[in-house]
Amino acid sequence: ECDPLVVGTHLFLKRGTKAPAPSTTQCCRGVSAGTGIFVLGLPFALVRSGYVGLALMVLSAWVCNHTGRILVACLYEEEQCRGSDSVLKVRVRHSYQDIVEVTCKGLWAKWPGVGRWMINVAQVTELLMTCTLYLVVSSSLLSDTLSGMAVPRLMCSLVSLMFLLPCLLLTDLRPVSTFSLLCSLAHILISLLVMLYCLSRANSWSWSSLPLSVDPEDFLVSVGVIIFSYTSQIFLPSLEGSMEDRGQFNAMLGWTHGAACIMKTMFSLLAVLTWGAETSEVITDNLPSNFRPLVNMCLLAKALLSYPLPFYSATEILQSCLLTGEHTPHFKYAGGRGLSCPALLVRGALLMTSYLLALLVPRFSLLMGLTGSVTGSAMSLILPCLLHLRLQWGRLTARERLLDVCILVLGAICSVCGVICSVRRLVEGV
């Protein structure tokens with residue numbers, strides 16, 4: 001994705017670090033975490049949350065930057081240097097799973113396996129929801145493009161599914177990644193075009209488009225949408241581990257979150273000032289009809305070519321957990337190898353699950369809010385603070401403990417309330 005968070009990280013690594021080739025799963029998780037195309041839903045979240053939502057966009061960037069830092073801090077332990085009073089930080093863990101495992105091990109001897117299982121479930125859930133969101137936005141874009149032909153939404157969803165069937169046999173992501181990168185560049189241009197169009201209508205802007213008072217349920221759903229747009233913690237341990245100068249990690253994280261905050265806030269604010277209460281769930285629906293089809297087709301290609309990335313990552317996790325022995329497939333990037341029947345069944349089940357969820361929940365903003373409230377809050381707010389408090393309680397100051405506790409409590413409250421409100425709205429829609 002071309003989210004500023006991911007792009008900024010990539011550029012930083014090129015300038016000052018040496019990153020070894022990461023695994024396919026790490027790449028997929030990193031890409032799916034960027035959620036670049038989902039920035040199209042932020043203006044709708046902002047118009048529903050008003051000035052409070054505007055402040056929340058900035059606050060979320062700061063909070064997610066903080067939780068990213070403390071999560072990476074949990075990878076290290078302090079060791080006393082021999083013959084010296086100095087303390088050296090040593091990296092003793094390498095992934096989110098390792099942190100959860102050692103935390104659970106301290107609580108109960110049987111918890112390490114459960115901890116890894118919980119993280120895998122959270123990852124698969126987030127990746128599945130990301131796949132579903134790609135299908136929802138694809139169907140929405142295709143339906144809007146063919147609106148003059150009165151094509152049913154169900155047919156548009158089916159057409160999108162047909163384009164995604166080759167994912168069942170996918171064993172090499174490089175061709176898809178190349179095309180997706182080209183579409184990402186197109187996505188950046190489209191975002192700039194939208195912003196330029198909004199600037200051209202500055203004479204019609206009205207700050208009254210941002211309400212001072214908001215509906216509590218709308219606000220809580222919007223919180224999930226905003227949090228989901230900053231979700232990146234799951235791949236930060238691998239990213240930090242690939243850096244040549246790991247001491248620059250905090251600076252890199254701060255700059256990239258700052259860039260993401262500026263871009264997302266500007267994009268959302270300009271759109272809301274331009275279209276006000278008429279802001280659509282997918283902002284391109286507000287564009288003039290003369291060039292909206294071209295924009296929609298570019299974004300449709302972007303969404304369809306982005307789908308294989310989280311899909312492939314989710315299937316890798318599921319296959320490693322569910323398939324053992326001779327049925328476990330081993331993929332090769334060159335001279336690809338055939339897939340076993342159990343592996344095809346896992347992939348087919350995942351593809352159909354995302355398709356059925358897209359049919360059941362066609363509301364883009366509500367599904368995005370639900371995903372942010374469930375996995376986004378858990379992986380980006382709640383768990384990092386909980387793990388940090390558990391592993392480094394003795395080395396934290398009173399201020400640091402209080403900050404972690406506040407983020408933990410607020411994250412839990414927003415998560416529970418966001419899930420309740422999102423589910424209620426989804427049930428009402430059905």
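The values are calculated or read from the model by the stated rules, or taken from the named source; none is laboratory data. What you see is a predicted model, and the numbers here were worked out from it, not measured in a lab. Here the Cβ positions follow ideal geometry from the backbone for every residue, glycine too, while neighbour counts run over all protein chains shown. What goes into the accessible areas is simple: the full protein's heavy atoms, side chains included, and nothing from ligands, DNA or RNA. Shrake-Rupley method; radii C 1.70, N 1.55, O 1.52, S 1.80 Å.
A few points about this structure:
- Filtered residues of region 387-418 (kept if crowded, with 18+ Cβ neighbours inside 10 Å, hydrophobic (A, V, I, L, M, F, W, C) and touching a residue at least 60 places away in the same chain (Cβ under 8 Å)): 387, 391, 407, 414, 417
- Residue that is farthest from residue 96 (Cα to Cα) [pool: residues in region 60-79 that are open to solvent by 10 Å² or more (accessible area, probe 1.4 Å) and in contact with a strand residue (DSSP E or B) (Cβ under 8 Å, 6 or more places away or on another chain)]: 79
- Among the numbered conditions (1) at pLDDT below 85; (2) under 22 Å from residue 54 (Cβ atoms); (3) surrounded by fewer than 20 Cβ atoms within 10 Å (Cβ to Cβ), the only one that residue 231 does not meet is (3).
- Residue check: residue 187 meets all listed conditions (1) in a helix (DSSP H, G or I); (2) at pLDDT 80 or above; (3) in contact with a Gly (Cβ under 9 Å, 6 or more places away or on another chain) but one, namely (2).
- Members of region 38-59 found to be surrounded by fewer than 21 Cβ atoms within 10 Å (Cβ to Cβ) and of a type in the set (Ser, Thr, Tyr), listed by number: 51
- Number of the condition not met by residue 369 [criteria: (1) over 29 Å from residue 75 (Cα atoms); (2) free of Cβ contacts under 8 Å to residues at least 40 places away in the same chain; (3) buried (at least 19 other Cβ atoms within 10 Å of the Cβ)]: (2)
- Every residue from region 141-173 that is of a type in the set (Val, Ile, Thr), more than 30 Å from residue 339 (Cβ to Cβ) and without any contact (Cβ under 8 Å) to a residue 40 or more places away in the chain: 151
- Flag if residue 193 is modelled with pLDDT of 75 or more, aliphatic (A, V, I, L, M) and over 30 Å from residue 274 (Cβ atoms): no
- Members of region 341-366 that are among the charged types (D, E, K, R) and open to solvent by 20 Å² or more (accessible area, probe 1.4 Å): 363
- Residues being outside any loop (DSSP other than H, G, I, E, B), open to solvent by less than 10 Å² (accessible area, probe 1.4 Å) and farther than 21 Å from residue 407 by Cα - total across region 191-227: 2
- Here the helices (runs of 4 or more DSSP H) wholly within region 239-328 that include at least 2 residues being over 30 Å from residue 340 (Cβ atoms) are 249-275, 292-306.
- For region 234-275, filtered to residues that are buried (at least 22 other Cβ atoms within 10 Å of the Cβ) and among the β-branched types (Val, Ile, Thr), the residue that is farthest from the chain's Cα centre (by Cα) is 274.
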